[in-house]
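Asker: Pasting in a structure now, in structure tokens, and then I'll have a few things to ask.
The values are calculated or read from the model by the stated rules, or taken from the named source; none is laboratory data. This structure is a prediction, so every number in the text was calculated from the model and none was measured. As a convention, Cβ positions derive from the backbone with ideal geometry for all residues, glycine included, and neighbour counts pool all protein chains shown. Surface areas here come from the heavy atoms of the whole protein model, side chains and all, with no ligands, DNA or RNA. Shrake-Rupley method; radii C 1.70, N 1.55, O 1.52, S 1.80 Å.
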Amino acid sequence: MQYSDRINLAIRRVATAHDGQYRRNSATPYVAHPFAVALISQRYISDEDVFIACLLHDVLEDVPERVYSADDIYHDFGDEVLKIIKDVTEPDIKAEAWRAWQVRKDSYIAHLETVNDVRPLIVSASDKIHNMSEMLRDYGTNGPRIWNAFYADKEREVWFFGAVLEVLKKKPIPEQAIKDYEEKYNDLKIIVKN
């Protein structure tokens, strides 16, 4: 991927949008996650829109509209980047935390089933690969206590990653992405048994 003015703008936008946010159970600034997702995606595709969408993939879920909105994404990066991001954004559900979690995950999986554009599928796979990597790293440091920070129990967390994997296996994405995903998923299943 070549550095460009668009990528520079995306870097500035994501840094500002996630300013003051931190990763779950961590003092790590949240912005580390979208950067990792963008870098992971480059194993599978070299596409500027995908790289930018990876950087901004959590904005619609986790950033107030007054800070950075869908309209802002459209204005800065156009319809294609916004469409990719919308295809990987969970719906906002107002309910008890555990119930909202399940509805969001079910909706995400159902929507992913309808997506045939490889670009959002790679963003999704890269996002989940990084999330699982971080869970495995956190488990290595903190053990089973990591599960206390999640809305769902560990079995349902693993169910979600497995359900996404099953969808991705039916899609036209690079074999390496599936291989990398499966490797993390299999490692995650092992720690859940502990």
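Asker: Can you tell me how many residues within the range 36-61 are of a type outside the set (A, V, I, L, M, F, W, C), under 12 Å from Asp127 (Cβ atoms) and part of a helix (DSSP H, G or I)?
Answerer: 2
Results for (1) aliphatic (A, V, I, L, M); (2) open to solvent by 50 Å² or more (accessible area, probe 1.4 Å); (3) touching an Asp or Glu at 6+ places or on another chain (Cβ under 6 Å); (4) within 25 Å of Met132 (Cβ to Cβ), shown as yes or no for each residue.
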position: Met1; (1), (2), (3), (4): yes, yes, no, yes
position: Asp5; (1), (2), (3), (4): no, yes, no, no
position: Ala17; (1), (2), (3), (4): yes, no, no, yes
position: Tyr22; (1), (2), (3), (4): no, yes, no, yes
position: Val31; (1), (2), (3), (4): yes, no, no, yes
position: Leu39; (1), (2), (3), (4): yes, yes, no, yes
position: Ile45; (1), (2), (3), (4): yes, no, no, yes
position: Ile52; (1), (2), (3), (4): yes, no, no, yes
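Asker: Okay, moving on. Test Ile84 against the stated conditions and say whether it is open to solvent by less than 10 Å² (accessible area, probe 1.4 Å) and touching a residue at least 60 places away in the same chain (Cβ under 8 Å).
Answerer: On the way: open to solvent by less than 10 Å² (accessible area, probe 1.4 Å): yes; touching a residue at least 60 places away in the same chain (Cβ under 8 Å): no.
Criteria not met by Ile84.
Asker: I would also like to ask the following. One residue is enough: does the range 162-172 have a residue meeting the conditions within 18 Å of Thr28 (Cβ to Cβ), touching an Asp or Glu at 6+ places or on another chain (Cβ under 9 Å) and not charged (D, E, K, R)?
Answerer: Scanning the range 162-172 turns up no residue that is within 18 Å of Thr28 (Cβ to Cβ), touching an Asp or Glu at 6+ places or on another chain (Cβ under 9 Å) and not charged (D, E, K, R).
Asker: From the set of residues in the range 1-56 that are touching a residue at least 60 places away in the same chain (Cβ under 8 Å) and among the small types (Gly, Ala, Ser), which is farthest from Lys86 (Cα to Cα)? Give the derivation first.
Answerer: Taking the range 1-56 and keeping what is touching a residue at least 60 places away in the same chain (Cβ under 8 Å), we get 6, 9-10, 13, 23-26, 33, 36-38, 40-41, 43-45, 47, 49-50, 53-54.
Then keep just the ones that are among the small types (Gly, Ala, Ser); that gives 10, 26, 36, 38, 41, 53.
Numbers: Ala10: 16, Ser26: 27, Ala36: 19, Ala38: 16, Ser41: 17, Ala53: 9 Å.
Looking at residues that are touching a residue at least 60 places away in the same chain (Cβ under 8 Å) and among the small types (Gly, Ala, Ser), I get Ser26.
Asker: Can you tell me how many residues within the range 140-171 are more than 17 Å from Lys105 (Cβ to Cβ) and at pLDDT below 95?
Answerer: Residues that pass the stated criteria total 8.
Asker: Being assigned to a loop (DSSP other than H, G, I, E, B), among the hydrophobic types (A, V, I, L, M, F, W, C) and at pLDDT 95 or above is the filter here; which residues of the range 1-35 pass it?
Answerer: Residue satisfying the conditions is Val31 alone.
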